[in-house]
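Comments concern the structure below.
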Amino acid sequence: MKTVNEMKLSFISKSANESFARSAVAAFLLPLDPTVAEIADVKTAVSEAVTNAVVHAYPDTFGTVTIEAKLTDKGHAVIKIRDRGVGIPDIKQAMEPLYTTSTDERAGLGFAVMQSFMDNVKVRSTVGKGTTVTLEKNFIRAAYGQK
């Protein structure tokens with residue numbers, strides 16, 4: 001698969017930027033002619049990943065969240081949400097439904113939600129260096145730029 005378009009954006013880890021992130025990614029995907037349901041799925045997954053970075057990566061300060069997205073000629077989207085925060089000590093445990101490290105009223109369903117809406121979800125993390133969540137979705141009705 002050949003990359004035919006890509007974008008990168010960075011913003012401060014403020015919860016107000018969650019809607020900005022999901023809207024920017026949704027707009028970037030429009031050339032793939034997604035359905036309303038597909039856009040909603042991606043927006044939800046991006047919201048969960050960005051929320052995790054905002055809430056968990058920088059618990060006592062603000063930091064940077066970066067989103068990189070690529071579209072391929074085969075109608076495949078790859079979206080990476082990265083932070084340089086505290087990292088996740090046990091990814092397997094963090095991805096378990098209902099697991100949370102938050103002391104407020106978080107449900108611990110972020111990764112489960114991401115997995116339910118995307119074709120593939122990968123998480124890489126190093127304690128003290130940050131986390132990258134990679135979301136992948138196929139829009140197989142048509143290749144990029146074709147209808």
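The values are calculated or read from the model by the stated rules, or taken from the named source; none is laboratory data. Values in this document were obtained by computation on a predicted structure and should not be read as measured data. Backbone-built Cβ (ideal geometry, glycine too); neighbour counts: all protein chains shown.
Scanning segment 107-128 for residues that are modelled with pLDDT under 85 and farther than 18 Å from Q93 by Cβ yields a total of 1. Here is the figure for segment 1-57: residues that are over 12 Å from L71 (Cβ atoms), of a type in the set (S, T, N, Q) and surrounded by 14 or more Cβ atoms within 10 Å (Cβ to Cβ) total 6.
Residue count for segment 19-65 satisfying the condition of being acidic (D, E) and within 9 Å of the chain's Cα centre (by Cα): 1.
Look at segment 59-86 and say how many of its residues are in contact (Cβ under 8 Å) with a residue 40 or more places away in the chain, over 13 Å from F11 (Cα atoms) and not in a strand (DSSP E or B).
Qualifying residue count, segment 59-86: 5.
Can you tell me which residue in segment 129-141 is nearest to I81 (Cα to Cα), limited to those that are part of a loop (DSSP other than H, G, I, E, B) and at pLDDT below 95? Restricting to residues being part of a loop (DSSP other than H, G, I, E, B) and at pLDDT below 95, the top hit is F139.
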